[in-house]
1. Tell me, yes or no, whether the range 28-35 has at least one residue that is over 14 Å from the mean Cα position of the chain (by Cα), in a helix (DSSP H, G or I), among the hydrophobic types (A, V, I, L, M, F, W, C) and at pLDDT below 65.
2. Mind listing just one residue for me: the one in the range 70-92 that is under 19 Å from residue 60 (Cβ atoms) and acidic (Asp, Glu) and, of those, surrounded by the fewest Cβ atoms within 10 Å (Cβ to Cβ)?
3. Return yes or no: is residue 73 hydrophobic (A, V, I, L, M, F, W, C), at pLDDT 90 or above, under 17 Å from residue 142 (Cβ atoms) and over 10 Å from the mean Cα position of the chain (by Cα)?
4. Among the listed residues 67, 123, which satisfies the condition of being among the hydroxyl-bearing types (Ser, Thr, Tyr), surrounded by fewer than 14 Cβ atoms within 10 Å (Cβ to Cβ) and either touching a Cys at 6+ places or on another chain (Cβ under 6 Å) or assigned by TED's automatic domain parsing to the domain that holds residue 40 (or both)?
5. Quickly run through the range 120-142 and pick out the residues that are assigned to a strand (DSSP E or B) and either under 12 Å from residue 56 (Cβ atoms) or modelled with pLDDT of 80 or more (or both).
6. Based on this model, can you work out whether residue 136 counts as within 24 Å of residue 79 (Cα to Cα), surrounded by fewer than 16 Cβ atoms within 10 Å (Cβ to Cβ) and touching a Phe, Trp or Tyr at 6+ places or on another chain (Cβ under 7 Å)?
7. Among the residues of the range 40-49, count how many are surrounded by fewer than 16 Cβ atoms within 10 Å (Cβ to Cβ) and in contact (Cβ under 8 Å) with a residue 60 or more places away in the chain.
8. Looking at the range 50-64 only, could you name the residues that are part of a loop (DSSP other than H, G, I, E, B) and either in contact (Cβ under 8 Å) with a residue 40 or more places away in the chain or surrounded by 15 or more Cβ atoms within 10 Å (Cβ to Cβ) (or both)?
Amino acid sequence: MKFPLQNILFILLTLSFFRSNSQESKIIETFDTSFQDNWEFFDLKEIIKVKVIKHVPAYAFCGPIATASMTIVEKSDGEVIRVLDLCNMDDNFEVNSYIFVLPEKKPDFYVSPPFMCIQNEKTNSFESITKEFDTKVLETTYGSIVTN
């Protein structure tokens, strides 16, 4: 049986892709996201103006998997909350800037928040770039974020 050159190249590229991503798979498998089980979801009742503490855009546009940006914000009463904004990859909000959050309902399907990891040089373990908020900020809501 004779294989065309393009089929052989496709097979080699596919194998090299899986081999090169095997290290990434180990990282993802060892990163614990069980802290999300403690997040307390609530629905906003009205539009709120908040100050940005940290913003991480969604890692991909929505498609077969729903994604969301994660923004840690401070309300006018000083309370710090987490806002998940579906499919928000483009918006990048500056720390200490003010934004508006429009109320949205929590979806009935799974949404993947953006968790990016960095390697701790002292422990060699991988940690979330939002680790200081992952377990401390429990109040979480869905909303659409706008600047004006």
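The values are calculated or read from the model by the stated rules, or taken from the named source; none is laboratory data. Quick caveat: nothing in here was measured; it's all calculated off a predicted structure. Cβ atoms come from the backbone with ideal geometry, glycine included; neighbour counts cover every protein chain shown.
1. Scanning the range 28-35 turns up no residue that is over 14 Å from the mean Cα position of the chain (by Cα), in a helix (DSSP H, G or I), among the hydrophobic types (A, V, I, L, M, F, W, C) and at pLDDT below 65.
2. Initial filter on the range 70-92 (under 19 Å from residue 60 (Cβ atoms)): 70-71, 83-92.
Narrowing the set further to residues that are acidic (Asp, Glu) leaves 85, 90-91.
On the way: 85: 23, 90: 9, 91: 15.
Going through the qualifying residues, I end up with 90.
3. Working: hydrophobic (A, V, I, L, M, F, W, C): yes; at pLDDT 90 or above: yes; under 17 Å from residue 142 (Cβ atoms): yes; over 10 Å from the mean Cα position of the chain (by Cα): yes.
Considered against the rule, which asks whether it is hydrophobic (A, V, I, L, M, F, W, C), at pLDDT 90 or above, under 17 Å from residue 142 (Cβ atoms) and over 10 Å from the mean Cα position of the chain (by Cα), residue 73 comes out as yes.
4. Working: 67 fails: surrounded by fewer than 14 Cβ atoms within 10 Å (Cβ to Cβ).
Answer to the check: 123.
5. Of the residues in the range 120-142, the ones assigned to a strand (DSSP E or B) are 126-128, 139-142.
Within the range 120-142, 128, 139, 140, 141, 142 meet the criteria.
6. On the way: within 24 Å of residue 79 (Cα to Cα): yes; surrounded by fewer than 16 Cβ atoms within 10 Å (Cβ to Cβ): yes; touching a Phe, Trp or Tyr at 6+ places or on another chain (Cβ under 7 Å): no.
No, not satisfied.
7. First, the residues of the range 40-49 that are surrounded by fewer than 16 Cβ atoms within 10 Å (Cβ to Cβ): 40-43, 45-47, 49.
From what is left, the residues that are in contact (Cβ under 8 Å) with a residue 60 or more places away in the chain are 40-43.
Residues that pass the stated criteria total 4.
8. The initial filter retains those residues of the range 50-64 that are part of a loop (DSSP other than H, G, I, E, B), namely 57-64.
The answer is 57, 58, 59, 62.
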